[in-house]
Amino acid sequence: MVTQTFDGELTLGYSHEDGLSPDVFDKTLIDNLVIRYLRNFLQAPNLDVTDHWHAIHARHPEQPYLVSQPAQDVRVVTALGGSDMTLAFGLARQVLGEMAI
C-alpha cells in the first residue's frame, strides 16, 4: 500500500507481526523488505523511512474476534487479526444489528 500526501511525501505500508507479545520497536529488516519490494514497480526519488506508525491489535488465541458488552448499548470488539480493513464493516454491521438500535 502506497499513498501520497498533498506535499508529495509517501506513506508506505503496512506489515504485520503476529504473536502473543510482538516487539513494537522499529525493525530495519522489515523496512528494507517493504522498500525492496516497492522498488520493483515504484519510481520515487527517495524511499528513506522518516517515521513509523505502530498499532497493537487485541487478538484471541482461538477465536477470530470477541464481542464484549461492558455497559448497556456499548460493545467492545477485538481486532480481526490482520483482516481488519477487509472485514470490519461486515462485523460492525452484525454487531450493530444484534444491538437492535
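The values are calculated or read from the model by the stated rules, or taken from the named source; none is laboratory data. Every value quoted in this text rests on a predicted model; they were computed, and no experiment measured them. Quick reminder, even Gly has a Cβ in these numbers, built from the backbone with ideal geometry, and neighbours come from all protein chains shown.
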Could you look through the stretch 31-54, keep only residues that are assigned to a loop (DSSP other than H, G, I, E, B) and among the charged types (D, E, K, R), and pick out the one that is modelled with the highest pLDDT? ARG39
Within the set of pairs 6 or more residues apart or between chains, which connect a residue that is under 17 Å from SER15 (Cα atoms) inside the stretch 32-44 to a residue that is in a loop (DSSP other than H, G, I, E, B) with Cβ atoms less than 6 Å apart? ILE35/LEU47
What's the number of the only condition in (1) at pLDDT 85 or above; (2) of a type outside the set (Ser, Thr, Tyr); (3) assigned to a loop (DSSP other than H, G, I, E, B) that HIS57 fails to meet? (1)
